[in-house]
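The structure under discussion appears below in the form of structure tokens.
The values are calculated or read from the model by the stated rules, or taken from the named source; none is laboratory data. Remember, it's a predicted structure, so these values are computed and weren't measured experimentally. Here the Cβ is made from the backbone with ideal geometry for all residues, glycine too, and neighbour counts use every protein chain on show.
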């Protein structure tokens, strides 16, 4: 690699053309990046500000350097910055024309934007890729208005140019031109004999990260001969991308990446979201694939995907009707399965009739389980597993697969639906509309503007209490939000809390059958709501079909379920064999039936761990820091959290115990740990993730052994000694008085903690020298922190009445913890003469918190508690 420092003027005025290669991203900068660039330029213009401003690397690979012709270079890194600056120069050229300085406008155009004596595409100093090309050339030609992101960038800078010193004069504009060309500096790096795609993939200095779809696109384009790239993009690739453009013409990166992931999973192999590109690359790099055939296949799949997302209907009315029902249930977890079924249908292995039946079955499975209170958490993997399970007999195979996974039967569904809180569901209008359409309409009913109406109102009036009788409150609490008490109307506001006798008159004039039928009733109460709810449930059971009678799960009577100890032992044994097979440097000694296993170390007492969590249904890997110097290092690393997570390529969990006794950096993966057919994939994920921690965290551990924790209270050894003495005195007081609050071993820090009988929740005491404050806290941490906090918050009035004081309820939405806090201000822990009074206050409040919160905490959601133990 040859590199040299060059100004923007030296780069653009050279006899070269910078070609943005086909595998590059489209222009992606937007206002946040434009704002940052303009802020840098504004700073450069400040009085007394001298020198150059460094804008990073420009990495290029020569395409052709022929004497007498424009030298062409592939711009591997720096596209976003160089394109943006070129658009700024276009805006400056136009501003010069408006100011009457044609000479400056010509100088800008012919020295930085175009080669004066060249023709055709050689004329342009920067030559963008196909999709951006028309916009860019229009900007160079000064053809307003230019649509799209490039046109927006040019208009943005045109507006900002009005704010520079002397903006309306040639002198001011020329000074700004000189600033751009002479004081913006790049490291200009030229590569020779390198693979441009590999270089591009490893460079990302623009501030707009490469997405999974970006990387896949680049990988495919690198397999296409250079002379075929434009045609390949225009005829094969662009139609697929076009289906994921938003209203502004920009590609929805998240939706496009999701499409690639669903496309990869259509054969039944689960792909974690962050591994989409790696999975794509592994799949195709191992074969001599034809990029044109891949593009054709993706184009076809994207057409089906467009139908699945509801962006256009399926040509078959029967299928479209079934799809419409499924789409309304936010069924994106079924897309991989449906892509597989569409492919079978295309190859005449699945009829339209069977396809429609499968779609209705999936819709029934999703809605029936929702109504019956079943968990939807595992759908993403469940529907992927179904692809391999259905076999050639798709309808029967899928039915058996779903019935083995708690597919509610009709009697169970009808009973649950009758009492289901439909109004509290996001599908309330979807369900009511579907039931209404099931009525015998002579012409299609229009329900677009209809609203969901409570027949018995949400607030009972005296007239309604009288009509409902002595059990009015119970009837209201039981049936208010159920389907039997809901209907559709365009006059919701007018009806409001009117008596049923008045509402009947309005209902009688409704065009909606389910509403008009209500006018036939004389009264509205417990019996009528129940009967109507059961009738609606029977109709719902036909719209969302399922088993007619209870079904027995696979081998439910004869199959023996292995204990969690057996599963863990088998899993760790298999993982150790996997590490040996692939030749990993990781070592797992002596598999044991525990949820965690040590897999190596980065430094003394800094250990790599793997976790197999059956209770919380996830696997995880982590780096554990045990001991004070190691904990200090953990806090130092957390200061570089963004950089570490960017290198790992995933969001990490940074966690510690109540006393910071153990700190961990974790990467979690929600899975079904009991499905042993997926264990090989889990083994591979664990190994790759642990090796990533070795690669990313390992060097930082070696470099940062002396890092200090970022706790402002621990300023010196003297302050630490003060806190140690302060907590030791409080501990002695609690022990001597035989307090119910059991003290921990004191540490030289500004806080200490106490158990309160529930993992994930503890009492804390804080003494702050810097704030002259002491306080008592109830701290919620772990996976159930927010649910537990909100359950207690519901009893706020009762809690504070029992405490005899008001406390602060801190939800802390941006953090995983939540706190309940009581403070005492103007209490400086450095004043030793005040310690007896401060300790008396702390003891009194800690005991009050322990007495009031302790019993409540033990009863929190006890039957569904997953907080003990608290593994990753």
Completion exercise
The residue that is nearest to the chain's Cα centre (by Cα), considering only those in the stretch 251-271 that are over 21 Å from residue 341 (Cβ atoms) and surrounded by fewer than 16 Cβ atoms within 10 Å (Cβ to Cβ), is 254
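Residue 606 - would you say it is over 22 Å from residue 569 (Cβ atoms), modelled with pLDDT of 80 or more and touching a strand residue (DSSP E or B) at 6+ places or on another chain (Cβ under 8 Å)? Outline the logic, then answer.
Details: over 22 Å from residue 569 (Cβ atoms): yes; modelled with pLDDT of 80 or more: yes; touching a strand residue (DSSP E or B) at 6+ places or on another chain (Cβ under 8 Å): yes.
Judged against the criteria, residue 606 is a match.
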Practice task
Hand me the list of helices (runs of 4 or more DSSP H) wholly inside the stretch 278-372 holding 3 or more residues that are surrounded by fewer than 16 Cβ atoms within 10 Å (Cβ to Cβ).
Solution key: 291-308, 317-327
Exercise for the section: Could you pull out the residue among 573, 523, 489 that is closer than 30 Å to residue 689 by Cα and at pLDDT 85 or above? Expected result: 573
Exercise for the section: State whether one or more residues within the stretch 809-822 are more than 30 Å from residue 624 (Cα to Cα), exposed (fewer than 15 other Cβ atoms within 10 Å of the Cβ) and at pLDDT 85 or above. Expected result: no
Fill in the blank from the handout: Filtering the stretch 643-686 down to residues that are outside any strand (DSSP E or B), modelled with pLDDT of 80 or more and over 15 Å from residue 623 (Cβ atoms) yields 643, 673, 674, 679, 680, 682, 683, 684, 685
Exercise for the section: From (1) modelled with pLDDT of 90 or more; (2) part of a loop (DSSP other than H, G, I, E, B); (3) outside the structural domain of residue 451 (by TED's automatic domain parsing), pick out the condition that doesn't hold for residue 551. Expected result: (1)
Problem - Residues that are assigned to a helix (DSSP H, G or I) and at pLDDT below 80, drawn from the stretch 229-272 - result: 229, 230
Exercise for the section: Please go through the stretch 814-840 and pick out each residue that is under 10 Å from residue 726 (Cα atoms) and part of a loop (DSSP other than H, G, I, E, B). Expected result: 829, 830
Handout entry: Tabulated pairs, the stretch 226-245, first surrounded by fewer than 19 Cβ atoms within 10 Å (Cβ to Cβ), second at pLDDT below 90 and assigned to a helix (DSSP H, G or I), C-beta under 6 angstrom, 6+ apart or interchain
Key = 230/130
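Out of 790, 762, I need the residue that is within 37 Å of the chain's Cα centre (by Cα), modelled with pLDDT under 90 and over 30 Å from residue 836 (Cα atoms). Which one?
Values: 762 fails: over 30 Å from residue 836 (Cα atoms).
Just a single option satisfies the conditions, and that option is 790.
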Completion exercise
All-but-one check, residue 770 against (1) touching a residue at least 12 places away in the same chain (Cβ under 8 Å); (2) under 36 Å from the mean Cα position of the chain (by Cα), failing number (2)
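Given the residues 128, 62, which is the only one that is crowded, with 21+ Cβ neighbours inside 10 Å, within 26 Å of residue 232 (Cα to Cα) and outside the structural domain of residue 250 (by TED's automatic domain parsing)?
On the way: 62 fails: crowded, with 21+ Cβ neighbours inside 10 Å.
Being crowded, with 21+ Cβ neighbours inside 10 Å, within 26 Å of residue 232 (Cα to Cα) and outside the structural domain of residue 250 (by TED's automatic domain parsing) holds for just one of 128, 62, which is 128.
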Problem - Yes/no for residue 116 being more than 28 Å from residue 249 (Cβ to Cβ), free of Cβ contacts under 8 Å to residues at least 12 places away in the same chain and either out of contact with any helix residue (DSSP H, G or I) (no Cβ under 6 Å at 6 or more places or on another chain) or surrounded by 18 or more Cβ atoms within 10 Å (Cβ to Cβ) (or both) - result: no
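What number of residues within the stretch 453-472 are loosely packed, with under 13 Cβ neighbours inside 10 Å and farther than 21 Å from residue 423 by Cα? Show your work before the answer.
Step one: list which residues in the stretch 453-472 are loosely packed, with under 13 Cβ neighbours inside 10 Å, which gives 458-459, 462, 466, 469-471.
Subset that is farther than 21 Å from residue 423 by Cα: 462, 466, 469-471.
Final tally of qualifying residues: 5.
Can you tell me which residue is surrounded by the fewest Cβ atoms within 10 Å (Cβ to Cβ) among those in the stretch 576-601 that are in a strand (DSSP E or B) and modelled with pLDDT of 85 or more? Don't jump to the end; show me each part of the working.
In the first step, residues of the stretch 576-601 are kept if they are in a strand (DSSP E or B); the result is 596-601.
Filter again for modelled with pLDDT of 85 or more, leaving 596-600.
Values: 596: 19, 597: 21, 598: 14, 599: 25, 600: 18.
Top of the filtered list is 598.
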Practice task
Could you please find all residues in the stretch 141-151 being in contact (Cβ under 8 Å) with a residue 24 or more places away in the chain, surrounded by 14 or more Cβ atoms within 10 Å (Cβ to Cβ) and within 32 Å of the chain's Cα centre (by Cα)?
Solution key: 148, 149, 150
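Quick grid of which residues meet (1) assigned to a helix (DSSP H, G or I); (2) crowded, with 19+ Cβ neighbours inside 10 Å:
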| residue | (1), (2) |
| --- | --- |
| 533 | yes, yes |
| 540 | yes, yes |
| 565 | yes, no |
| 569 | yes, no |
| 608 | no, yes |
| 620 | no, yes |
